[in-house]
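The values are calculated or read from the model by the stated rules, or taken from the named source; none is laboratory data. Predicted, not measured: the structure shown is a model, and the values here were computed from it. Positions of Cβ are backbone-derived with ideal geometry, glycine not excepted, and every protein chain shown enters the neighbour counts. With ligands, DNA and RNA removed, areas are computed over all heavy atoms of the protein, side chains included. Shrake-Rupley method; radii C 1.70, N 1.55, O 1.52, S 1.80 Å.
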Amino acid sequence: MQSAISLSLSSPSPVARFAVNNANNVCNLGTPRSLRFCGLRREAFDSSASFDASSLRSARFNLHSKHSNLSKVFAELKGNGTPSSSGFDYDLVIIGAGVGGHGAALHAIEKGLKTAIIEGDVVGGTCVNRGCVPSKALLAVSGRMRELQNEHHMKSFGLQVAAAGYDRQGVADHANNLASKIRSNLTNSMKALGVDILTGSGTILGPQKLKYGKGDSGDKIVTAKDIIIATGSVPLVPKGIEVDGNSVITSDHALKLEFVPEWIAIVGSGYIGLEFSDVYTALGSEVTFIEALDQLMPGFDPEIGKLAQRVLINPRKIDSHTGVFASKITPAKDGKPVQIELIDAKTKEPKDTLEVDAALIATGRAPFTQGLGLENINVQTQRGFVPVDERMRVIDGNGKLVPHLYCIGDANGKMMLAHAASAQGISVVEQLSGHDHVLNHLSIPAACFTHPEISMVGLTEPQAREKAEKEGFEVSIAKTSFKANTKALAENEGEGLAKLIYRPDNGEILGVHIFGLHAADLIHEASNAIAMGTRIQDIKFAVHAHPTLSEVLDELFKSAKVKVSASSKVAEPVRV
C-alpha cells in the first residue's frame with residue numbers, strides 16, 4: 001500500500017484541486033501541499049520536484065514537526081472559548097452529530113475554527129446508533145456461527161466442533177454495547193478538542209443565523225459565519241406498508257434483535273437486505289427476498305452480483321420474488337401472520353400473497369430534512385434532498401448559491417454512505433480554510449459485509465462501457481481469482497473474484513469490484529489509487545507482502561494490458 005501511494009507522487013492528482021485564495025500565499029511548484037482524500041493525508045509533490053532520499057527525510061521531518069505543532073494547537077483550543085475572529089458566535093455550526101458532522105467538526109478544530117455541533121438525538125447519528133456500527137456486531141456473530149455450523153469447513157482444518165448455539169439477548173447486547181462504546185468515543189473526542197455540543201433540534205432562521213432547542217420558548221439563537229447541514233436520513237417505508245416495530249420492522253428495529261423469526265420476508269435486496277439475510281439465515285431463519293427489479297442485487301456489478309448470488313443466496317435457506325412490489329403489508333395480529341400482497345412491478349396486476357412471521361423493510365433510506373427552516377432561505381428540497389453543487393454548497397429555489405451554507409451526507413443524496421459524509425465534511429472545511437477542494441466521489445469505496453464480503457469503487461462494467469461509448473475510448477477487463485491466492489487457500493476461503501475495469505490506452509482505473517474474504521479491506525488500495533490519480537502502469541510495481549490477501553490486487557493490476565509504459569520517474573534508492 002505504501003509503495004502504491006508513493007508511486008503516484010510524481011504527478012498531481014487530476015481529481016482534487018487545491019488553490020489558495022490569497023495570492024500572497026500561492027505556493028511555488030516545488031512546495032509540498034497537504035492533500036486529504038477521504039481522510040487520507042499525504043505530502044504530494046509536483047512533477048517538477050525531485051524525489052530522492054534527502055527529500056524523503058525532509059518530508060518526514062516536516063511531518064513530525066507538523067504533528068508536534070498540532071498538539072500545541074489542540075491544547076490551546078481545548079474549551080473552544082476564544083471568540084470567533086469573524087464577529088459571529090462561531091466560525092462554523094454543524095447541524096447533526098453523525099459521522100459526517102463529527103468528521104467536519106474535528107477537521108474544523110484542526111484548522112483553528114471555533115466550532116459547535118447541534119444534535120437533537122444522540123451523538124453518532126444513524127451509522128453509530130442504528131446502522132453500520134451495530135450491524136457489524138451482528139454480522140460478526142453471523143460469521144462465526146456460519147463457520148462453526150459448517151462441519152465440512154471445520155474438518156478441513158482438522159477441527160471437531162460440537163453443535164453451535166447462541167444466546168439471542170447476548171448477541172443483541174453485543175451490538176448495543178458496541179454502539180454505546182463508539183458513541184462515547186465520538187462524544188469524548190469532540191469534547192477533548194473543544195467542539196461545543198449544543199443539545200436540541202437546529203433550525204435555520206436566516207443567513208448565518210439559527211436556533212436550537214426543543215422548539216419552545218427556551219430555544220437559543222446563535223450566529224455562525226458558516227453552517228453545515230448534516231442531518232442524515234431515516235428508513236424509507238413505501239406507501240401501503242404498515243410498520244408496527246414488532247412483526248413489520250425497519251433496520252432500526254432489526255438491529256435490536258428482539259426476536260429471531262422462523263420465516264422473514266426482506267423487501268429489497270440491496271446492501272441492507274443482503275446483510276440482514278446473512279444475519280438471519282446464520283441464526284436459523286428462512287428468508288424470502290421481495291425485489292421490485294427483475295434481478296436480485298441490482299446495484300452491484302452484474303458479474304460480481306451473479307457470483308455473489310451463487311454463494312450468498314442459492315445454497316442458503318433463501319427464496320425470492322423478483323419484478324414485484326409489496327403493495328400492502330399488514331402486521332401480525334390476533335394470531336394471524338404478517339400478510340404481504342404482491343403486484344407485478346410493471347403491470348401492477350396482483351401476483352401473490354405471502355404469509356410470514358415477520359417482514360423487514362429494506363427499501364433504502366430517505367433524507368431527514370424536515371424542520372430545518374429551509375423555507376427561511378428559499379431552499380426547496382428535491383424528493384427531500386437538499387440541492388447542492390460539487391462543492392456541497394446549497395442551491396436555493398432560484399438556482400443560486402446560498403452564501404455560507406453547505407449540506408453533506410445523506411441529506412444531499414450524492415452518496416449515502418457514512419464515510420462519504422465525513423469526506424464531504426472535510427472537503428467543506430478545506431474550502432472554509434481557503435483551499436478550493438472538490439471531492440471525487442468515484443474514488444469513494446463501498447462495501448457489503450456479508451460472508452464473504454463484497455466491495456467496489458468507481459464504475460460498474462455497464463457504466464464504464466456507456467461512458468466509453470459517449471467519450472470514444474476503449475474499455476478492458478482484468479480478473480483474478482481468490483483460488484490462486486495462498487492466504488485465501490490457507491483459510492479455506494478460495495471462493496472469490498476481483499475485477500478491474502480500466503482504459504488500456506492510458507492505464508486509468510475506472511472501477512474495481514471484489515467478492516471474497518476481507519473484500520471490504522482490500523478495496524482501499526484501488527480507491528486510493530483512483531483518488532491519487534495513480535495509473536495501472538505505476539501501481540503494478542508496488543510490492544505486496546507474501547502470503548497476504550493483498551496479492552489478489554497485486555495480480556489483478558499485473559494482469560492488466562496497458563499500451564503505455566510507466567509514467568513515474570524511478571525514485572533514487574534509499575539506504576536502509
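If only residues of the stretch 381-435 that are at positive phi and of a type outside the set (G, A, S) are counted, the one that is least open to solvent (accessible area, probe 1.4 Å) is M392. When the residues of the stretch 448-466 are filtered to those that are β-branched (V, I, T) and within 22 Å of R316 (Cβ to Cβ), the one that is farthest from the chain's Cα centre (by Cα) is T450.
Let me confirm something: among G507, G533, G494, which residue is surrounded by 15 or more Cβ atoms within 10 Å (Cβ to Cβ) and in contact with a Pro (Cβ under 6 Å, 6 or more places away or on another chain)?
On the way: G507 fails: in contact with a Pro (Cβ under 6 Å, 6 or more places away or on another chain); G494 fails: in contact with a Pro (Cβ under 6 Å, 6 or more places away or on another chain).
Only one candidate qualifies: G533.
Condition check ((1) touching a residue at least 60 places away in the same chain (Cβ under 8 Å); (2) over 24 Å from the mean Cα position of the chain (by Cα)) across all residues:
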residue: A520; (1), (2): yes, no
residue: I523; (1), (2): yes, no
residue: S527; (1), (2): yes, no
residue: I530; (1), (2): yes, no
residue: T534; (1), (2): yes, no
residue: D538; (1), (2): yes, yes
residue: V543; (1), (2): yes, yes
residue: T548; (1), (2): yes, yes
residue: K558; (1), (2): no, yes
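With the structure loaded, tell me whether D173 is out of contact with any helix residue (DSSP H, G or I) (no Cβ under 8 Å at 6 or more places or on another chain), under 30 Å from N150 (Cα atoms), among the acidic types (D, E) and modelled with pLDDT of 95 or more or whether it fails that test.
On the way: out of contact with any helix residue (DSSP H, G or I) (no Cβ under 8 Å at 6 or more places or on another chain): yes; under 30 Å from N150 (Cα atoms): yes; among the acidic types (D, E): yes; modelled with pLDDT of 95 or more: yes.
Yes, satisfied.
Condition test on G245, is it free of Cβ contacts under 8 Å to residues at least 40 places away in the same chain, out of contact with any Pro (no Cβ under 7 Å at 6 or more places or on another chain) and open to solvent by less than 50 Å² (accessible area, probe 1.4 Å)? Judged against the criteria, G245 is a match. Of all residues in the stretch 443-480, those satisfying the criterion of being in contact with a Ser or Thr (Cβ under 9 Å, 6 or more places away or on another chain), open to solvent by 50 Å² or more (accessible area, probe 1.4 Å) and not basic (K, R) are F449, H451. For the stretch 217-240, a residue qualifies if it is β-branched (V, I, T) and open to solvent by 10 Å² or more (accessible area, probe 1.4 Å), and the qualifying residues are I221, V222, T223, T231, V234, V237. Scanning the stretch 141-195 for residues that are in a loop (DSSP other than H, G, I, E, B), free of Cβ contacts under 8 Å to residues at least 12 places away in the same chain, open to solvent by 80 Å² or more (accessible area, probe 1.4 Å) and closer than 25 Å to E495 by Cβ returns L159, Q160, A163. Looking only at the stretch 345-397, residues that are within 22 Å of G299 (Cα to Cα) and in a loop (DSSP other than H, G, I, E, B) come to 7 in all. When the helices (runs of 4 or more DSSP H) confined to the stretch 458-576 are screened for residues that are within 21 Å of N440 (Cβ to Cβ), those reaching at least 1 such residues are found at 461-471, 519-532, 536-539, 551-559. All conditions but one from (1) surrounded by 18 or more Cβ atoms within 10 Å (Cβ to Cβ); (2) in contact with a helix residue (DSSP H, G or I) (Cβ under 9 Å, 6 or more places away or on another chain) apply to G305; the one that does not is (2).
Residues considered: E491, E495, E469. Of these, the only one that is within 27 Å of the chain's Cα centre (by Cα), of a type in the set (D, E, K, R) and either at pLDDT 95 or above or under 27 Å from G158 (Cβ atoms) (or both) is E495. Among the residues of the stretch 289-302, those that are of a type in the set (D, E) and either closer than 22 Å to A478 by Cβ or surrounded by fewer than 22 Cβ atoms within 10 Å (Cβ to Cβ) (or both) comprise D294, D301.
Scoring T363 on the criteria (1) open to solvent by 10 Å² or more (accessible area, probe 1.4 Å); (2) within 30 Å of E430 (Cβ to Cβ); (3) in contact (Cβ under 8 Å) with a residue 60 or more places away in the chain leaves a single failure, condition (2). Among residues of the stretch 444-462 that are at positive phi and touching a residue at least 12 places away in the same chain (Cβ under 8 Å), those with a Cβ under 8 angstrom from a residue that is of a type outside the set (V, I, T) and open to solvent by 20 Å² or more (accessible area, probe 1.4 Å), sequence gap 6+ or separate chain, pair up as G458/L442.
Residue by residue, here is whether (1) outside any helix (DSSP H, G or I); (2) at pLDDT 95 or above holds:
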site	(1), (2)
S84	yes, no
G87	yes, no
L92	yes, yes
L106	no, yes
L113	yes, yes
I117	yes, yes
T126	no, no
K136	no, yes
L139	no, yes
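The condition of being modelled with pLDDT of 95 or more, in contact with a Ser or Thr (Cβ under 9 Å, 6 or more places away or on another chain) and surrounded by fewer than 18 Cβ atoms within 10 Å (Cβ to Cβ) holds for only one of T347, T322, that being T322. For the stretch 511-529, the set of residues classified as under 18 Å from S559 (Cα atoms) and open to solvent by 10 Å² or more (accessible area, probe 1.4 Å) consists of L522, E525, listed by residue number. Residues in the stretch 329-344 that are aliphatic (A, V, I, L, M) and in a loop (DSSP other than H, G, I, E, B): A332 only.
Restricting attention to the stretch 198-216, which residues are in a strand (DSSP E or B) and open to solvent by less than 50 Å² (accessible area, probe 1.4 Å)? Let's see the steps before the verdict.
Looking only at the stretch 198-216, we keep the residues that are in a strand (DSSP E or B), and these are 198-199, 201-206, 209-213.
Answer for the stretch 198-216, where residues must be in a strand (DSSP E or B) and open to solvent by less than 50 Å² (accessible area, probe 1.4 Å): L198, G202, T203, I204, G206, L210, Y212, G213.
Being β-branched (V, I, T) and over 23 Å from C127 (Cβ atoms) is the filter here; which residues of the stretch 253-289 pass it? Once the filter is applied, which keeps residues that are β-branched (V, I, T) and over 23 Å from C127 (Cβ atoms), the stretch 253-289 yields V260, I264, T281, V287, T288.
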